Amino acid sequence: MKKVILGAVAASLLVLSFGISRDSHAKPAASEPANSSDKYQIKIDNFSFAPATLTVPAGATVTWVNQDDIPHTVISTDGKEIKSPVLDTDEHFAHAFARPGIYAYYCSVHPKMTGKIVVQERTPSRPR
Amino acid sequence: MPRQKEELILENHNRDGVDRRGFLKCMAWAGTGALCVVKGGILRSYSLSDPSALAAGASNGELAFVQISDSHMGFNKPANPDVVATLQAAVDKINAAPVEPAFLLHTGDISHLSKPAEFDTVDQVLRSAKAKQVFFVPGEHDVLEDNGQQYLDRYGKSAKGSGWYSFDQKGVHFIALVNVLNLKAGGLGSLGPEQLDWLQDDVKGLAASTPIVVFAHIPLWTVYPEWGWGTDDSAQALAYLRRFGSVTVLNGHIHQTMRKVEGNITFHTAMSTAFPQPQPGTAPSPGPMKVPADQLRSLLGVTSVDYVPGRHTLAVVDSSLD
Ligand SMILES: [Cu+2]
């Protein structure tokens, strides 16, 4: 049940914030169809980030969704790029990565939980 | 519930299901410091449903106090939809005990989401305790978002640093430590250099015969690092305490009782008043453990501690809520 209701909010926020390096955080809303944001979605479940490493193109927005009964956070290990509020059950957080790089992050509440976003240069022209 | 038979005997929470031998063996431990059972280097304690057994120890005691932990006020998921009722049941149980504790210790995760209303509710329930004094340490759930400022404003006005302090009661030196802030990626609980320096200084002038009680949220011994159940720099803290003849370490965080003895140091974790968590490694994660409603209160509880002058070890006894 809780897995279905998240995409919609993420979608609307993604539209607004696409291309802008901005974070969004929202409570779950009523059910609407799933959307393209699932492309770069990280599930927080059983005290872990899945996938633990995600590779995205520069400019992509990544959304974290907390499916645990326990609150978690998403915070850059170096304290810079990513800083989510506390995400309770079913809440999500989105962050747009403007620049290429490797962004290590963790849950500041449960620091054993770690993950990594690899942001790659956008290829100027698509191969064929 | 998947519990092994050996532990079923020692941890039987049902009033009518207590194995006599296991029960007596554990009572002997509670009074004298003898051990219950060793499993993987960890001494497991048991839950006691009979308040009259509590009284037997406490009435001789010079100092009796009760530890409560992990009330997680605000949690409302299926594992326990009414954490107010179970906290109240814990207070009622403490109030019904024949010996009134001198004070309560709350070893953190007072709230679930650090919301003011959650702390307010806990304060309100605790006002119904006969024991009027409550000493707190924060859990990681109490310091969300604001690095613990709200916690300090409420509970730590006279504390040092992020909330650590010490006090003396009837010759026992109590030390409250904070290990839930400034956690490093990939790491465990953390005390930090400032607090460790303070601890070293705090115990410097004490005679080695002074009984020490240390309380903190996350265990100060490594219970299960895979789930973050330990404190990275606890060894340094324990190094400052090893010269003392009796050190009792009381923790919460893991929502189940566990015990370990290391020289003069006895480690003990308390049950939650809100929801149980699985035994290490028996589930995909340490998340709340859902049990049938009629079993919930047998897995929640409080911990009574007695200090009798002249006795080497403090008696630590767990009681479930049912
Ligand atoms: Cu977490």
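Table for the structure above
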item: Separation in nanometres of the label points that stand 7 Å from Cα toward Cβ, at B:THR282 and A:ALA52; result: 2.5
item: Relative contact order (percent, whole number), segment A:40-120, Cα cutoff 8 Å, 6+ residue spacing; result: 35
item: Loop-resident sites, segment B:153-202, for trypsin sites (Lys or Arg not before Pro), counting at most 16 other Cβ within 10 Å (DSSP); result: B:LYS157, B:LYS170, B:LYS184
item: Two-site FRET efficiency, B:GLN295 against A:ILE102, from Cβ-Cβ distance with R₀ of 35 Å, rounded to 0.05; result: 0.15
item: Calculated from backbone phi, Karplus (6.51, -1.76, 1.60) coupling profile of segment B:124-139 in Hz, x at Gly/Pro; result: 5, 5, 5, 5, 7, 6, 5, 6, 8, 9, 10, 9, 10, 10, x, x
item: Pairs of lysine residues in segment B:24-320 - Cα separation under 21 Å, sequence separation of 8 or more or cross-chain; result: 13
item: Occluded residues from segment A:59-74, i.e. those whose accessible area drops by 20 Å² or more once the chain is not alone (1.4 Å probe); result: A:ASP69, A:ILE70, A:PRO71
item: Sequence-distant residues sharing a close amide H with B:TRP229 (under 5 Å, placed H); result: B:TYR224
item: Per-residue HN-Hα couplings for segment B:231-245 [Karplus 6.51, -1.76, 1.60; θ = phi - 60°; Hz; x = Gly/Pro]; result: 10, 3, 10, 5, 4, 5, 4, 5, 4, 6, 9, 5, 6, 7, x
item: Stretch gain in nm, segment A:ARG122-A:HIS25, where the contour uses 0.36 nm per residue and the Cα spacing is subtracted; result: 32.3 nm
item: Label-point separation, A:LYS39 to B:GLU145 (7 Å along Cα→Cβ), nm; result: 3.3
item: Area hidden from solvent between B and A (accessible, protein heavy atoms only, 1.4 Å, total, Å²); result: 1700
item: Residues of segment B:119-150 buried by at least 30 Å² on assembly (accessible area, 1.4 Å probe, chain alone as reference); result: B:GLU140, B:HIS141, B:LEU144, B:GLU145
item: Per-residue ³J(HN,Hα) for segment A:105-112, Karplus 6.51 cos²θ - 1.76 cosθ + 1.60, θ = phi - 60°, Hz, x for Gly and Pro; result: 9, 8, 9, 6, 8, 10, x, 5
item: Segment B:24-320 - charge dipole about Cα centre, Lys and Arg +1 at Cβ, Asp and Glu -1, debye rounded to 20; result: 700
item: Amide H within-cut-off set for A:MET113, under 5 Å, with H built and near neighbours excluded; result: A:CYS107, B:GLY186
item: Net dipole in debye of segment A:40-120 [+1 Lys, Arg Cβ; -1 Asp, Glu Cβ; about Cα centre; nearest 20]; result: 420
item: Amide proton proximity set for B:MET73, modelled H, under 5 Å, gap of 5+; result: B:SER111, B:HIS112
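The values are calculated or read from the model by the stated rules, or taken from the named source; none is laboratory data. Given the structure is predicted, the values throughout are model-derived calculations rather than measurements. Please note: Cβ atoms are built from the backbone with ideal geometry, for glycine as well, and neighbour counts cover all protein chains shown. Protein only, heavy atoms only, side chains kept; ligands, DNA and RNA dropped before computing areas. Shrake-Rupley method; radii C 1.70, N 1.55, O 1.52, S 1.80 Å.
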